[in-house]
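Right, one structure below, let's go through it.
The values are calculated or read from the model by the stated rules, or taken from the named source; none is laboratory data. Because the structure is predicted, anything quoted here is derived from the model rather than measured. Every residue, glycine among them, receives a Cβ derived from its backbone with ideal geometry; neighbour counts consider all protein chains shown. When the accessible area is computed, the model is the full protein with side chains, heavy atoms only, and any ligands, DNA or RNA have been set aside. Shrake-Rupley method; radii C 1.70, N 1.55, O 1.52, S 1.80 Å.
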Amino acid sequence: MAAALLALAVLGIWEAVARFGAVDELLLPAPTQVAEALWNDRALLGADLAVTGWEVLAGLSLAIAVGGLLGVGMHVSPAVRGALRPLVIGSQAVPIPVIAPLFVLLLGFGLAPKVLMIALVCFFPVTINVYDGLRRVDPAARKLLRSFDATRWQTLRLLEAPAALPSAFTGLKLAAAVSVIGAVFAEWAGSDSGLGHALLTANGQLETARAFAATFLLFALAVALYGLFALAERRIVTWTEET
Amino acid sequence: MPTHLEARVATPREGTQGPTGVALTEVSKTFGEVRALGGVSLRAAPREIVAIAGPSGCGKTTLLELVCGLSEPDGGIVAAEPAVLMPQRDGLLPWLSALDNAGLALRVAGASKADARDAAAEHFEAFGLAGFEATRPRELSGGMRQRVAFLRTLLAGKPVLCLDEPFGALDALTRMQMQRWLAGALAREPRTVVLVTHDVEEAVLLADRIVLLSPRPGRVIETLEVDLPRPRERTDAAVVALRERALRVLEGVR
């Protein structure tokens, strides 16, 4: 409710500023013009949305699989932890616009460089949150399992994994929110379709309203993915206090 | 009769030299700069209930962890039959139902989910938990949580139970009811019990022997035999007298 009101207010001010000529419409089209572009170019933008949506889904899946494995690996093995921690953290310091063209050069113009780029952006929050969630299990519960003579694997399966789920979902939601950034940069580095590509060509043709429409779809994609994970979390993590 | 509660109580056989009950000899434990235990000796014969009472921070929890083999002493000898811990508060896992929490030790021992549930479900009636099988711990009352935790501890099937302030988090009335309930449960299912408590009255009501510990580093100040018939009431003259005696001993070393 509050979010809808805020969005309406922002849109209203934006519309007024754009309509009454305070800003050149080539720089800032009014929301109604963006909506118009969205409708007029729906076939084009719809196809681009499908392309980018597919890239993001594949990239996120890869990020979840790799990120989850790394998080568990770092938790159970000090050797893995020592070896991987600098690399995992360092991977987030690599500037995306620099590395994206390299991926395209290595892997071509197809799906692979996009998926990889998205996974690179998304695996970090998954890894760190899975790792932290596993690590921060109540020590008393660990003692309990040890007094039952639980093996390392049993402790992971019966105690640590369920206890880490809320934290893992935080990682997934963060990953969902940033995933489209990876997709856009990968498409900018070399692509002939997708919302990032549409954004680039629309800018080039001074079709600012269409660029904003593409941006809106990216925004909606990220929000939808986030919502999907939030919904899954509510369905699965049913034991925490409602806030 | 259900067989799951039958502990693997080690009966001393001829030629075997395994420990019986619990025996601690001059046990000490230090954490960094802090001496938690400064040479504690105590014993619990099989099927005996020994209460350890003392002020906060006298190393009571540390003692239980040593008995359960969760940590090693820095000095002295810990000899005990296999022991299971009922940690402070209750240690119930919030994502498991009451039934699955009660059967947790059976799952760890290799039982399937269904078998563990069946075994735990047999006791829900007797534990006053019937109808709450599928309820998560958050929705159970404090007393019910303790009963689930105690059933889980019993189902672990170990001869020694280490109870760490089992009723410390309960309100006075519930605590009284639970003490009575635990006394009854242990009368039906005798086990070797090491009960840690800061409540001297609880110790007198439940235990065969009370070991009074000094503040850190914990040492045994005095051991009181509780040679009173059961069931005991908190208003019994002998119970009151023993409680006062224990309190005086603890106060004397403050």
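Check cross-link reach from B:Lys29 to the aspartates and glutamates: straight Cα distance under 13 Å, and skip same-chain residues fewer than eight apart.
Excluding near neighbours in sequence, the set is B:Glu65, B:Glu72, B:Asp74.
Give me the net charge of B:Met176's neighbourhood, meaning all other residues with Cβ under 11 Å from the Cβ of B:Met176; Lys, Arg count +1, Asp, Glu -1.
So the environment of B:Met176 carries a net charge of -2.
Can you give me the C-alpha center-to-center distance between the stretch B:121-169 and the stretch A:1-72, rounded to a whole angstrom?
52 Å
With a cut-off of at most 10 other beta carbons within 10 Å, and DSSP calling the residue loop, which GluC sites (Glu not before Pro) in the stretch B:99-190 qualify? Please list them. Please list the in-between numbers first.
On the way: sites: B:Glu122, B:Glu125, B:Glu133, B:Glu139; in loops: B:Glu122, B:Glu125, B:Glu133.
Of the GluC sites (Glu not before Pro), the ones in loops of the stretch B:99-190 whose Cβ has at most 10 other Cβ atoms within 10 Å are B:Glu125.
Of all accessible surface on the stretch B:99-216 at a 1.4 Å probe, what whole percent is carbon and sulfur?
Values: 1990 of 4010 Å².
Of the solvent-accessible surface of the stretch B:99-216, carbon and sulfur hold 50 percent.
Given a cut-off of 12 Å, what percent of all Cα-Cα pairs of the stretch A:50-106 lie beyond it?
Summing the P(r) of the stretch A:50-106 above 12 Å gives 75 percent of all pairs.
So if we plug the beta-carbon distance of B:Ser141 and B:Thr30 into 1/(1 + (r/R0)^6) with R0 = 30 Å, what FRET efficiency do we get, rounded to 0.05? Could you put the intermediate results ahead of the total?
Working: r = 39 Å, r/R0 = 1.31.
That pair, B:Ser141 with B:Thr30, gives E of 0.15.
How large is the helix-only mean residue ellipticity at 222 nm for chain A, computed as the sum of -39500 (n - 2.57) over DSSP H runs with n ≥ 4, divided by its residue count, in deg cm²/dmol to the nearest 500?
Mean residue ellipticity, 222 nm, calculated: -27000 deg cm²/dmol.
Using r as the Cβ-Cβ distance of A:Val23 and A:Asn203, and R0 as 25 Å, what FRET efficiency do you calculate, to the nearest 0.05?
0.90
Taking the C-alpha atoms of the stretch A:4-77, how large are the radius of gyration and the largest Cα-Cα span, Dmax, in Å?
Here Rg and the maximum Cα pair distance are 20.5, 62 Å.
If you stretched the chain out fully between A:Leu8 and A:Trp54, how much longer would it get, using 0.36 nm times the residue separation minus the C-alpha to C-alpha distance?
13.5 nm
Just tell me how shielded B:148-155 is by partners: mean number of partner chain Cβ atoms within 10 Å of each residue's Cβ, no decimals.
The shielding value for this peptide is 1.
Can you tell me the alpha carbon radius of gyration of the protein assembly as shown divided by the globular rule-of-thumb value 2.2 N^0.38 Å? Spell out each step's value before the answer.
On the way: Rg = 31.5 Å, N = 497, 2.2 N^0.38 = 23.3 Å.
That works out to 1.35 for the protein assembly as shown.
Could you list the square roots of 5 times each eigenvalue of the Cα gyration tensor of the stretch B:35-170, that is, the equivalent ellipsoid semi-axes, sorted largest first and rounded to whole Å? Before the final figure, lay out each step's value.
On the way: eigenvalues 171, 55, 31 Å².
Result for the stretch B:35-170: semi-axes of 29, 17, 12 Å.
In whole Å, what is the distance between the alpha-carbon centres of the stretch A:175-219 and the stretch A:112-158?
Each part reduced to its Cα centre gives a spacing of 34 Å.
I'd like to compare B:202-214, A:158-170: which one has the highest average count of other Cβ atoms within 10 Å, and what's the full order after that?
B:202-214, A:158-170
Quick one: compute the contact order of chain B, relative version, from alpha carbon pairs under 8 angstrom and 6+ residues apart, as a percent.
27 percent
Tell me the label-point distance for the pair B:Ser41, A:Asp149, using the 7 Å Cα-to-Cβ offset, in nm and rounded to one decimal.
3.1 nm
Mind checking the per residue accessible area of the protein assembly as shown for me, 1.4 Å probe, whole number of Å²?
Accessible area per residue, the protein assembly as shown: 49 Å².
Please report, for the Cα atoms of chain A, the Rg to one decimal and the Dmax as a whole number; what are they, in angstrom?
Considering chain A through its Cα atoms, Rg and Dmax are 21.7, 74 Å.
Based on alpha-carbon positions alone, could you give the equivalent ellipsoid semi-axes of the stretch B:114-254 from the gyration tensor, as √(5λ), descending, whole Å?
30, 15, 15
Which value results when the Cα radius of gyration for the stretch A:110-163 is divided by 2.2 N^0.38 Å?
Relative to the rule-of-thumb radius for its length, the stretch A:110-163 sits at 1.64.
Take every Cα-Cα distance within chain B, group them into 5 Å bins from 0 onward, and report for each bin the whole-number percent of pairs it holds.
1, 6, 13, 17, 18, 17, 13, 9, 4, 1, 0
Under 5 Å between amide hydrogens, which residues at least 5 positions from B:Ala36 or on another chain qualify, with H placed 1.01 Å from N in the peptide plane?
The answer is B:Lys29, B:Thr30, B:Phe31.
May I ask for the net charge around A:Thr32, where only other residues with Cβ less than 9 Å from the Cβ of A:Thr32 are counted and Lys, Arg are +1 while Asp, Glu are -1?
Counting the neighbours of A:Thr32, the net charge comes to -1.
Counting only other chains, what is the mean number of Cβ atoms within 10 angstrom of the Cβ of each residue in peptide A:137-144?
Whole-number average of other-chain Cβ neighbours for A:137-144 is 6.
Over every pair of different alpha-carbon atoms in the stretch A:132-201, take the mean of 1/r and invert it; report that Kirkwood radius in Å. List each step's numbers first, then the result.
Details: mean 1/r = 0.0666 Å⁻¹.
Kirkwood hydrodynamic radius for the stretch A:132-201: 15.0 Å.
What FRET efficiency, computed as 1/(1 + (r/R0)^6) with R0 = 51 Å and r the Cβ-Cβ distance, is obtained for B:Arg188 and A:Arg135, rounded to the nearest 0.05?
Calculated value: 0.80.
Quick one: length gained pulling A:Val94 to A:Phe109 fully straight, 0.36 nm per residue minus the C-alpha distance?
So the chain would gain 3.3 nm between A:Val94 and A:Phe109.
Pop out the carbon and sulfur fraction of the accessible area of the stretch A:11-119 as a percent, whole number, probe 1.4 Å. Present the calculation step by step, with values, prior to reporting the outcome.
Working: 4630 of 6080 Å².
Taking all protein chains in place, the stretch A:11-119 shows 76 percent carbon and sulfur surface.
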